[in-house]
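Inspection log for the structure reproduced underneath, given as structure tokens.
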Amino acid sequence: MTSVDPRTGIGGRAAAPTREPNRWRAFSLLAVAYFMTAVDMLIVNVALPTIGARLRFPESDLQWVVTAYALTFGGFLLLGGRAADLLGRRRMFVAGLALFTAASLACALATSDTFLIIMRGVQGLGSAAVLPAALSIVMNLFPEGAERNKALGLWGAIGASGATVGVLAGGALTRYAGWQYIFYLNVAVGGAALLLARRVLPESRLDGARRRYDPLGAITITGALVLVVYAISQAPAAGWTATRTFTMLAAAAVLLAAFVFTEARAAAPLLPLRLFRLRTLAGSNAVGLLLGASFYGYIFIGTLYMQQVLRYSAMKTGLAWLVVGLTGVALAGPAQTLVTRVSARLVMAAGMTITGAGIVWATQLPAHGSFWAHLAGPFFLTGAVTWVFIPVSIGALVGVTERDAGIAAGLIDSSQQLGGAIGIAIASTVAAAHSRVLLGQGHAAADALTGGFHWALWVCGLIGLAAVPVALLVIRPVVKRPVVKGRVVKRPGGTPAARRSRSGS
């Protein structure tokens, strides 16, 4: 156990992990559930044309198959995280997984567009309960330090590879089995996980004090997040300067201000504002937001380029993205080792530099490109995104006490999901606007689309590179000091600044 310096972002009494003898077995179950929800974010994308044709979707409504999931998932993550702290983390994990699995079965059996969209929203709600509960259980299973870094290293690799594997799985299942099997897969995996959950997962929640809730905080922040995600996801179609977009963003800002005002005065706040005094947590969430915006926007634009310009099938598109996922998995081990031995912020900055450079490289993609000549290089570089996912996951939980484990997990998930919604919306708007200009100038369709995608990729790459100074300047070096019988043991040899200088960055 380490005491924590509030100036470094590591303060107070650290969470006391449970010494479960089978904690790696429990971690495996949690990782499977996490992978399933991570895959589900993009598994539907490549199947959208098939789903639209089979269920006779109006073209304008097809995007709601993705938006409905993102809306409830991103909007309810903070609420799901605090509910896990108060009601029990295993209990919320099981309840969320049961809801997600049931909604997946309903999606597979859907015969109308409206029913499918509603069930996708319910799926997102289940994911919002599963993810923060699972991550907070992981935090309480492993002590802070090398062992937790190893677990969170694997966790980050799962998050980074889940998106690319989702594209591959969506393409393969749509082509060889049918779009319904995208959801039947969730039913099989979710059902097995539910049978094992009570056997292998420990229960943990806040004990020794009366549970107090913050209904006004829950309403204001959930409403703000839902409005932001909805407004941003609809902005490419409605227009960023449209009255509807402006009104929703303004309403979200008012709700967010009301939330901050409420949390500063609440006896038991949903999101304790004191958490943001932890510099490592605050910086990791800022980097997580920029990571989501750049990486998910990049996957979205890259998928459109391969399918609309290069005319790749869903299956071939998925196989191409697998390069990113496999590279990320290969780099996961070195990432968690470097976080332990060097510094989370340096690994984070290095990973975002390489990933951003890979996205910028993709701005050179030609209208008549090939995989090995033009796509493979950027894809191998952007596989370094695990060097961001891993330290972000670790940093977002450093110094967090046990009572706040769920809300801290929900916060980092919210940052990445909100960033993803923003990045995809901005990238699609930029791409569409510039493509229209090029078409109006008489360029061929493939050239116009490629030109629009170039501009969108520039935006994604620059957003990613903007995370580098955030990581280096906001997150401070970790200063660990031993604790003996509840007292911090001061290290000899000078001031805290001198000790920080010797500890390195």
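The values are calculated or read from the model by the stated rules, or taken from the named source; none is laboratory data. Note that the structure is a prediction, hence the values are computed from the model and not measured. Using ideal geometry, Cβ is built from the backbone for each residue, glycine included, and neighbour counts are taken over all protein chains shown.
Structure notes:
- Residue that is out of contact with any Leu (no Cβ under 6 Å at 6 or more places or on another chain), in contact (Cβ under 8 Å) with a residue 40 or more places away in the chain and among the hydrophobic types (A, V, I, L, M, F, W, C), where the choices are A293, A238: A293
- Here the condition is being over 19 Å from L78 (Cβ atoms) and not in a helix (DSSP H, G or I); of T241, T247, T303, it holds for T241 alone.
- Which listed residue is aliphatic (A, V, I, L, M) and in contact with a Gly (Cβ under 9 Å, 6 or more places away or on another chain), from L304, L291: L291
- Whether a residue is farther than 19 Å from A70 by Cα and in contact (Cβ under 8 Å) with a residue 12 or more places away in the chain was assessed, and V228 does not pass this test.
- Among residues of region 16-70, those that are touching a Leu at 6+ places or on another chain (Cβ under 8 Å), at pLDDT below 80 and more than 25 Å from R311 (Cβ to Cβ), counted: 3
- Of the candidates Q416, Q336, the single residue that is closer than 14 Å to L290 by Cα and in contact with a Leu (Cβ under 9 Å, 6 or more places away or on another chain) is Q416.
- Restricting attention to region 52-78, the residues being closer than 20 Å to L109 by Cβ and assigned to a helix (DSSP H, G or I) number 10.
- Set A231, A218, A197, A282: member being surrounded by 15 or more Cβ atoms within 10 Å (Cβ to Cβ), of a type in the set (A, V, I, L, M, F, W, C), under 25 Å from R90 (Cβ atoms) and within 21 Å of the chain's Cα centre (by Cα): A218
- Filtered by the rule that a residue be over 17 Å from D40 (Cα atoms) and in a helix (DSSP H, G or I), region 94-126 gives V94, A95, D113, T114, F115.
To keep it simple, each residue is scored yes or no on (1) basic (K, R); (2) modelled with pLDDT of 85 or more; (3) under 26 Å from L116 (Cβ atoms).
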| position | (1), (2), (3) |
| --- | --- |
| L131 | no, yes, yes |
| N140 | no, yes, no |
| K150 | yes, yes, no |
| A163 | no, no, yes |
| W179 | no, yes, yes |
| A193 | no, yes, yes |
| R198 | yes, yes, no |
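- Odd one out for I117, checked against (1) in contact with a Ser or Thr (Cβ under 8 Å, 6 or more places away or on another chain); (2) under 25 Å from A421 (Cα atoms): (1)
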